[in-house]
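Student: Dumping the structure here so I can ask a few things about it.
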Amino acid sequence: MVNSSSRKKMTPKQQRMWLVGGGMVSLIAAIVILLTTFSDSLVFFYSATDVHSKPVPMDKRIRVGGMVKEGSVSKASDNLNMTFTLTDYQHDIIVSFTGIPPLLFREKQGIVAEGFLLKDKSFKADNLLAKHDENYMPPEVKKSLKHEHKDVDNYNKSDSEIVPEQGLDQDPHKEIMLQME
């Protein structure tokens, strides 16, 4: 039997070194786990030109974005299967989609399709994201603003885009300053 008094005790410096070393190993393990998890859920975005000119992985989930080409949308009789052409005005990609498209989906509209690239450079989408411009306003909000007698048409415009009405071309801050005096 080994006598406990014969073992050397660790000095405070050795204890700190073991603590720092254990902390570093734990930190490195956490970073490796985080990066592995992050890289598995990462979905890259490509344009139609990128798909035609760059090597794009066919076994990985990707996103392809562009405009829906006018006259290219064709729906099956069940209205769940559709194909359309996605363009960036340099190259086109034929996209097939099964499901209900977003309400904002239409021709000459920007969309992002998420899915897999096929061997023939067509795209099998399982998710469509329709884009809208910054002036979009949900109908419910528009209705409530009209009810409140707000200027709905100029709601999303910056101050430089709003044309002043007759007699309102003064600086509003100047008028406030005059009232304060």
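Student: With a sphere of radius 13 Å drawn around the Cβ of His52, what net charge do the other residues whose Cβ falls strictly inside it have (Lys, Arg +1; Asp, Glu -1)?
Tutor: -2
Student: For Ala76 and Ser122 in one chain, what is 0.36 nm times their gap in residues minus the Cα-Cα distance, to one decimal in nm?
Tutor: Stretched fully, the Ala76-Ser122 segment lengthens by 14.8 nm.
Student: How much net charge surrounds Gly115 when only other residues with a Cβ under 9 Å from its Cβ are counted (Lys, Arg +1; Asp, Glu -1)?
Tutor: Counting the neighbours of Gly115, the net charge comes to +1.
Student: While we're on this one: Put a dot 7 Å past each Cα toward the Cβ at Val25 and Leu104; how far apart are the dots in nm?
Tutor: 5.1 nm
Student: Under 5 Å between amide hydrogens, which residues at least 5 positions from Asn81 or on another chain qualify, with H placed 1.01 Å from N in the peptide plane?
Tutor: The list, which skips near neighbours in sequence, is Ala76, Gly99.
Student: Take segment 44-130, drop everything but the C-alpha atoms, weight them equally and run the Debye formula without solvent; then report log10 I(q)/I(0) at 0.19, 0.20, 0.24, 0.25 Å⁻¹ to two decimals.
Tutor: Treating every Cα as an identical point scatterer, log10 I(q)/I(0) equals -0.76, -0.84, -1.22, -1.33.
Student: May I pose another question? Given R₀ = 41 Å, what would the calculated FRET efficiency be for Trp18 paired with Phe45, taking r from the Cβ atoms and rounding to 0.05?
Tutor: Calculated value: 0.35.
Where a number appears in this text, it was derived from the coordinates with a stated rule and is not lab data. Fair warning: this is a prediction, and the values are worked out from it, not measured in the lab. Cβ: placed from backbone, ideal geometry, glycine included. Neighbour counts: every protein chain shown.
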